[in-house]
Amino acid sequence: MSVQVEKVTPPISLGEGPHWDPDTNTLYFIDHKDATVHSYKPDSGKYNTATICNGEYRPTFIIPVEGQNGQFVISNSHDVCVMTWDGVSAEIEAPKTIASCEPKDNPTRLNDGKVDPAGRLWTGTMGFEVEGKLGEFVEEKGGLYSISGNSSKGYTVNQHLDKITLSNGLAWSLDHTTFYYIDSMKYRVSAYDYDIKSGSISNQRTVLDFKQKMIPGIPDGMTVDSEGKLIVAVFAGGCVLRIDPDSGEVLTKIQVPVPQVTSIAFGGDNYDELYVTTANIYATPETAEMFPDAGSVFKLTNLGFKGVKANKVKL
């Protein structure tokens, strides 16, 4: 049987940062453009959206805190914040900032975020979009960071990479020895040696070069499946790729019925459902008519592979 693709939420502007919480059987994700966070429960079909502090915060990820029901880490500009949300209420009070990754005058903002096997938050920044030039960004002003610590002893920000243009997908190998990373404007998936104890990375190499392999689109969000293969969302490519990180071979290409595919997260009781966030930020009247579901979350089933539990933040 072929992969089944089902739209499960209404369209939003810029869906990103999906995270499946098995404790509540809930998919959380954000809309950066509209400054909202979202929850979706597939068991009941209930879908909720909330605005943070009257729209003053524009998150790019939402990740539950380990052992703290209703607590999440989110981003806002260059800051990492802790937020309280019941997953239902339409308004959220101002989150508490726990760390700042870059100076406020840097022409960048935080983008994708994930948690490593030790419970550290990793997140990177991206350059502002160049005025009047859609899809072009201030180059190499961003970085990649990890945040660790706790409320009693404080939080530490460590920078791992610089000269980043558009920080996106992050993932770790199942044996915790390799870190995978995407700077979208380099059009490649990279791998690094990873030390779980220190949280350091080294020895960069290329897993897959989109330009070299003539793969249309831009690599965006990323996760890993239960066999250690990489699952990569392809923005402006209308698809999700399953990649062998050892050989760089594209094992599977799954079409999604909209072009701007942003990120992915495995969910469901057996992690055999793949939730795909999408966007419609560069839509024209013509493309809006062609792709009315752009910006929706899609559920992919009958994949032939499944995922693993995503890490929560330890604070």
Original post:
Would it be correct to say that S152 is assigned to a strand (DSSP E or B) and open to solvent by 30 Å² or more (accessible area, probe 1.4 Å)?
Top reply: no
**OP:** May I ask you to verify whether K114 is surrounded by 14 or more Cβ atoms within 10 Å (Cβ to Cβ), farther than 15 Å from S198 by Cβ, of a type in the set (D, E, K, R) and touching a residue at least 60 places away in the same chain (Cβ under 8 Å)?
**Re:** yes
Subject >> Odd one out for S247, checked against (1) touching a residue at least 24 places away in the same chain (Cβ under 8 Å); (2) open to solvent by 20 Å² or more (accessible area, probe 1.4 Å) >> reply: (1)
Subject >> Pick from region 130-148, criterion modelled with pLDDT under 90 and at positive phi, ranking: farthest from the chain's Cα centre (by Cα) >> reply: G132
Subject >> Residue pairs meeting the criteria (Cβ under 6 Å; at least 6 apart or on separate chains; first over 28 Å from H32 (Cβ atoms), in region 168-181; second among the aliphatic types (A, V, I, L, M)) >> reply: H176/I196; T178/A191
Original post:
So which strands (runs of 3 or more DSSP E) stay within region 20-109 end to end and still have 1 or more residues that are charged (D, E, K, R) and either in contact with a Pro (Cβ under 6 Å, 6 or more places away or on another chain) or open to solvent by less than 50 Å² (accessible area, probe 1.4 Å) (or both)?
Top reply: 26-31, 79-84
Original post:
Which members of region 294-315 meet the condition of being surrounded by fewer than 16 Cβ atoms within 10 Å (Cβ to Cβ), more than 30 Å from T156 (Cα to Cα) and under 21 Å from the mean Cα position of the chain (by Cα)?
Top reply: T301, K306
Original post:
Where in region 169-209 are there strands (runs of 3 or more DSSP E), lying wholly inside it, with at least 2 residues that are over 17 Å from the mean Cα position of the chain (by Cα)?
Top reply: 188-195, 200-209
**OP:** Filter region 255-293 for residues that are touching a Lys or Arg at 6+ places or on another chain (Cβ under 7 Å), surrounded by fewer than 22 Cβ atoms within 10 Å (Cβ to Cβ) and either among the β-branched types (V, I, T) or in contact (Cβ under 8 Å) with a residue 40 or more places away in the chain (or both) and give the result.
**Re:** Y271, I281, D293
Subject >> Given (1) surrounded by 20 or more Cβ atoms within 10 Å (Cβ to Cβ); (2) farther than 22 Å from V232 by Cα; (3) small (G, A, S), number of the condition G17 does not satisfy >> reply: (2)
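The values are calculated or read from the model by the stated rules, or taken from the named source; none is laboratory data. This one's a predicted model, so the numbers in the text were calculated from it and none came from an experiment. Backbone-built Cβ (ideal geometry, glycine too); neighbour counts: all protein chains shown. These area figures cover heavy atoms from the full protein model, side chains too; ligands, DNA and RNA do not enter into them. Shrake-Rupley method; radii C 1.70, N 1.55, O 1.52, S 1.80 Å.
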